[in-house]
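To start, the structure under review is shown below, and the notes come after it.
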Amino acid sequence: MAHRDPSEILIFGGSGSPKLTEKICEHLIVSAGKCEVVKFSEGNLFVRVQENVRGRHVYIIQSTVFPTNDHFMELLFWIDALKRASAESVTVVMPYFSYAKGDKKDEPRVSIRARVCADCIEVAGADRVVTIDLHAAQIQGFFHIPVDDLRAFPVICNAIVAHNPGKLVVVSPDAGFVKDARRYSSYLNASLAIANKERAQHDENAEVLEIIGNVKGATALIVDDFTISGSTLVHAARRLKEEGAERVFAAVTHGVFSEGSMARIDESPIERLFVTDSIETQPGELSPKVEVVSIARLLGEAIRRIDKKESISVLFPE
């Protein structure tokens, strides 16, 4: 069993985020905690912590997607294993919370899935949750423990500026994302437009009906918190070109990217799609159009400040 300096930040990585865990540890100049995950032939998962965590403040890094249910259950097992090993506290760093999309009961006889997952995380023994761009801010209220919902847009915006986009117009994919899109436009000193879209089914396809705002002759930047099929981005990009946009960029925090999404992006007018490395388990290779921007420094700084009992409000730009 490994032994280390008790003052060193102790970070473990689940199988959903091994590369991001490594980058966070590099930023903090620490080594990742030793652990293992075994998946049995019938699908059961077994996790083992291979370091002494007694009395320690521990951080577990795990995004919950591809496969969503396996990675979520694994996260619960990590929390339980760490608490049963007498960790003083367990902070869950969940860069992407897949079930955050299930944040409301908007029709009869359906589950509020995000609330169920929040309850499970708490019951397993988590003391705090750190995440990036929750799909809906009210999800923080599903927890009785502290939740730090960090913002990725400054990191993404800096990458966009490096591409010299010229005159920018930030485009919200729908009316519900306008407040978040305004953060992008304010940071980039750009104007704002809105894509009016309609989603008729519980699927990943939406039709963009119109663009509200002037994009003629500009570089249109479509922004969103996540994309799965890429359909909304592609439909918006085509409509933006029809409305006279000279170039089309897109930026999303979480590039979920289901099968077939890369082909849609490749065939679309989107010139560049910026995403973070909150997800690293996509089922296929990313398109050359996709630029991955790391959030390791942002998460590492949040972990450092939590560990030192410092304020992390500076990591919440408006």
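Quick notes on this structure:
- Residue within the stretch 233-245 that is in a strand (DSSP E or B) and of a type outside the set (Phe, Trp, Tyr) present: no
- Reported count of residues in the stretch 218-251, each being touching a His at 6+ places or on another chain (Cβ under 8 Å) and within 21 Å of residue 187 (Cα to Cα), is 3.
- Verdict on residue 178 being in a strand (DSSP E or B) and either aliphatic (A, V, I, L, M) or without any contact (Cβ under 8 Å) to a residue 12 or more places away in the chain (or both): no
- Residue that is nearest to residue 142 (Cα to Cα) [pool: residues in the stretch 72-97 that are buried (at least 24 other Cβ atoms within 10 Å of the Cβ) and touching a Ser or Thr at 6+ places or on another chain (Cβ under 7 Å)]: 97
- Those residues of the stretch 161-176 which are crowded, with 18+ Cβ neighbours inside 10 Å and within 16 Å of residue 225 (Cβ to Cβ), in sequence order: 170, 171, 172, 173, 174
- Hits in the stretch 150-187 - residues which are closer than 24 Å to residue 114 by Cβ and in contact with a helix residue (DSSP H, G or I) (Cβ under 6 Å, 6 or more places away or on another chain): 150, 153, 172, 173, 183
- Some residue of the stretch 294-310 being in a strand (DSSP E or B), buried (at least 18 other Cβ atoms within 10 Å of the Cβ), acidic (Asp, Glu) and within 21 Å of the chain's Cα centre (by Cα): no
- Residue 31 vs. criteria within 20 Å of residue 302 (Cα to Cα) and modelled with pLDDT under 95: no
- Checked across the stretch 255-277, the condition of being crowded, with 22+ Cβ neighbours inside 10 Å, in contact with a His (Cβ under 6 Å, 6 or more places away or on another chain), under 25 Å from residue 58 (Cβ atoms) and touching a residue at least 24 places away in the same chain (Cβ under 8 Å) holds for no residue.
- Qualifying residue in the stretch 48-57 (condition: under 22 Å from the mean Cα position of the chain (by Cα) and either over 21 Å from residue 5 (Cβ atoms) or of a type outside the set (Phe, Trp, Tyr) (or both)): no
- One residue from 269, 283 being part of a loop (DSSP other than H, G, I, E, B) and within 19 Å of the chain's Cα centre (by Cα): 283
- For the stretch 126-139, a residue qualifies if it is surrounded by fewer than 18 Cβ atoms within 10 Å (Cβ to Cβ) and at pLDDT 95 or above, and the qualifying residues are 127, 128.
- Inside the stretch 1-56, residues that are touching a Pro at 6+ places or on another chain (Cβ under 8 Å) and among the basic types (Lys, Arg) make up a count of 1.
The values are calculated or read from the model by the stated rules, or taken from the named source; none is laboratory data. All values derive from a computational prediction rather than experimental measurement. Note that each Cβ is placed from the backbone with ideal geometry, even for glycine, and that neighbours are counted across all protein chains shown.
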